[in-house]
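Data block below; observations after.
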Amino acid sequence: MCRPRSGHRDANYIRYMELDADLFNCYYCSGNYDEDLFSGASGFAMRGFQKLMEWPFRKSHRFPLTVEVGSGAGGHLQHVRHHYDQYIMTDIRDYRPDKTPRTDKPFLFANAEHLPFANNSVDRIVSTCLLHHVTNPLAALSQWRNVVRPGGAITIFLPCDPGLLWRLGRQVGPRRKALKHGVDYDFLMALSHRNHVGSIIAILSTVFKNDTVRRTGFPIPILGSWNLNLAFVYQITKNSIGGHPVSESPRRIQS
């Protein structure tokens, strides 16, 4: 069972939680997080979102240097179909169950707001359920755009938290399971999901205003409402010049 170290929620403990996410790491590293999130109805939905992220890409596509930001346990990699020379997983902690060194799938300790890559050097960036957690979404998204080359891709899975449908799904899925493990789920989400989906969308629209942005909502892709969707998947192509509006209808990226 994961419990606060101090046994009560005093100001020093809350400050520590904000800085180090101790409760989140206790829950995550216990193995219960993946078990709760990727089982049952929530697991079916999460796998569907990950497949949707990779839907535009065929095996013939080439993204030699692909970087996943906030890779967690590395579960998204199994859904990637396109060719890569290196798929680099980055996170502030190494949550992977298998830490065997791999030259084609290395791991780097890195903050999403300060990636250790030169500008215009990365072919594709992948982000799954991360932007709610970062301290500064503007800094993170600006950094991602800087390191991706012109013509490169950025794929973002963005949960619609605190949308109505997302909160309903949380109640019948992960929250109920987490409570069984003794996790104060509401407190955990209040600390770790610090950024509102509406604010993230506004920042995304500004950072990528000169790029090609395609957004798909689930389960109602024709509606742009974050109250009536569980999540959005963004497929972004960085342009060197010019601007394009956000499109709600996904199109397959051509080889």
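Taken together, the values in this text are just the output of simple stated rules run on the coordinates, not laboratory data. The structure displayed is predicted, hence computed values, not measured ones. Quick reminder, even Gly has a Cβ in these numbers, built from the backbone with ideal geometry, and neighbours come from all protein chains shown.
What's the exposure ranking of L188, L108, going from fewest to most Cβ atoms within 10 Å? Walk me through the numbers before you get to the answer.
Values: L188 20, L108 14.
Fewest-to-most ranking of L188, L108: L108, L188.
Fewest first, what order do D98, D184 take by the number of other Cβ atoms within 10 Å? Each step should come with its number before you reach the end.
Working: D98 7, D184 17.
Going from least to most buried by this count: D98, D184.
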Note to self: C-alpha centroids of the stretch 47-91 and the stretch 193-244 sit apart, in Å, by 19 Å
The simple spin-label model distance between F218 and R176, using points 7 Å out along Cα→Cβ, in nm, is 2.0 nm
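Compute the Cα gyration tensor for the stretch 11-237, then decide on rounded, prolate or oblate, letting a ≥ b ≥ c be the square roots of its eigenvalues: rounded whenever a/c is under 1.5, prolate when a/b is larger than b/c in the other cases, and oblate in all that remain. Walk me through the intermediate numbers first.
Numbers: a/c = 1.44, a/b = 1.25, b/c = 1.15.
Cα axes put the stretch 11-237 in the rounded bin.
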For the stretch 11-237 the mean separation of alpha carbon contacts under 8 Å (6+ apart) over residue count, i.e. relative contact order in percent, is 20 percent
Partner lysines whose C-alpha sits under 18 Å from that of K105, ignoring same-chain residues fewer than 8 away, are K59
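Report Rg/Rh for the stretch 120-191, rounded to two decimals, where Rg is the Cα radius of gyration and Rh the Kirkwood radius.
Working: Rg = 15.9 Å, Rh = 14.3 Å.
Dividing the radius of gyration by the Kirkwood radius yields 1.11.
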Distance in nm between R93 and R194 label points, each 7 Å along Cα→Cβ, equals 1.6 nm
